[in-house]
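Peer 1: Can you read through this structure? Questions will come right after.
The values are calculated or read from the model by the stated rules, or taken from the named source; none is laboratory data. In this text, all values refer to a predicted model and were calculated from it rather than measured experimentally. Here the Cβ positions follow ideal geometry from the backbone for every residue, glycine too, while neighbour counts run over all protein chains shown. Side chains included, ligands, DNA and RNA excluded: accessible areas come from the protein's heavy atoms. Shrake-Rupley method; radii C 1.70, N 1.55, O 1.52, S 1.80 Å.
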Amino acid sequence: MRILMVGAGATGGYIGARLAQAGRDVTFLVREGRAQTLRQRGLRLVLDGGGPAGPEGAPKVETVVPALMTAAELREPFDVVVLTVKATALQAAIADMAPAVGPDTVVIPFLNGMAHMDALATAFGAGKVLGSTV
């Protein structure tokens, strides 16, 4: 199953990194500037609690080297598209991720509120969009 994470902030970064660490086929769709940063330093998970702390009690840091793609590079559908952008970036994200949504793609948005459901249903079809909570 090919998974496209749209956004690599706190929510998308954490979920996508954990999926990648579990061996799933995950690609992050990000803007060029964010892609450059992630290529240089990786996606860092700063974990506080629930595991061994780093030196002198500092939070544990895990780094994942994610597969990355920009909108200009996106050419084919994915099985699942997980949308984790802020509501203000929704329309741009819909345009950017459109090539990733094929006949059998499922779109899973993790956004506050409900207005995004109508926008996604209009763009891709109501049957493709699943409700979700994080």
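Peer 1: Taking θ as phi - 60°, what are the ³J(HN,Hα) couplings along the range 34-44 by the Karplus curve (6.51, -1.76, 1.60), each to the nearest whole Hz, with x for Gly and Pro?
Peer 2: 5, 4, 4, 4, 5, 5, 6, 10, x, 9, 9
Peer 1: Would you check the accessible area of residue 133, probe 1.4 Å, heavy atoms only, in square angstrom rounded to 10?
Peer 2: 130
Peer 1: Continuing with the same structure: Quick one: Karplus J couplings for the range 59-75, per residue in order, coefficients 6.51, -1.76, 1.60, θ = phi - 60°, nearest Hz, x for Gly and Pro?
Peer 2: Karplus values, whole Hz, x for Gly and Pro: x, 6, 10, 10, 10, 10, 9, x, 6, 10, 8, 9, 4, 5, 8, 6, 10.
Peer 1: Given 69, 132, 93, which one lies farthest toward the positive end of the charge dipole of the chain, if we put +1 on the Cβ of every Lys and Arg and -1 on the Cβ of every Asp and Glu?
Peer 2: Farthest along the dipole direction, towards plus: 69.
Peer 1: Considering amide H positions built from the backbone, and no H for Pro or chain starts, which residues 5 or more places from residue 129, or on another chain, come under 5 Å of its amide H?
Peer 2: 107
Peer 1: Follow-up. Name the residue from 107, 3, 22 whose Cα lies farthest towards the positive end of the charge dipole of the chain, charges +1 on Cβ of Lys and Arg and -1 on Cβ of Asp and Glu.
Peer 2: Farthest towards the positive pole: 22.
Peer 1: Treating the beta-carbon of each Lys and Arg as +1 and of each Asp and Glu as -1, no other charges, what is the dipole magnitude of the chain about its Cα centre, to the nearest 20 debye?
Peer 2: Around 200 debye, computed over the chain.
Peer 1: The range 102-129 to the range 70-93: how many Å between their Cα centroids?
Peer 2: 11
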